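Comments concern the structure below.
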Amino acid sequence: MRATHHAGGTCVEVHHRPHRPDVQVTDVQYDSPGRDDRSNRSLNREWVEITNHSRRAVNLDGWMLEDEGGHRYTFGHYRPGGRATVRIHTGVGRDTRTGLFQDRRHYVWGNRADTATLRNDRGRFVDDYSWGRHRGNRR
């Protein structure tokens, strides 16, 4: 982004880098490899990856991950450390430091097109990741 700033009668061109949020949706496996047979194994091969790019832990308690269809996962008491990545799997499982589970029995993410949107505990947009008809359009 480029902006023009007038300082003391002088025109100065200022370049702004787009803001990168500390916590981002960094990858999505939206089409579970193999047959979509709704087995727990298949459901857990569908996931969204969230990365904390900051140096400090971030409290994600109350944050939400949602798709275009209104399916919503709300983070419980989870604090990824600095530079940490976590995968949020669709199926049932035991939460660990690097993997969280939505405990669903049905697929969430559209195989052809969808958007994974991350919102903070106040419901404000943080980041998203789109594919299909949205491919390349990160908002």
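So the values come out like this:
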| read-out | value |
| --- | --- |
| Surface accessible to a 1.4 Å probe, HIS106 within the full protein complex, Å² | 100 Å² |
| Accessible area of TYR78 in the full protein assembly, 1.4 Å probe (Å², nearest 10) | 30 Å² |
| Region 47-52 - phi-based ³J(HN,Hα) in whole Hz, Karplus 6.51/-1.76/1.60, Gly and Pro as x | 7, 10, 9, 10, 10, 8 |
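The values are calculated or read from the model by the stated rules, or taken from the named source; none is laboratory data. Predicted, not measured: the structure shown is a model, and the values here were computed from it. Areas reflect the complete protein model, heavy atoms only, side chains present, ligands, DNA and RNA absent. Shrake-Rupley method; radii C 1.70, N 1.55, O 1.52, S 1.80 Å.
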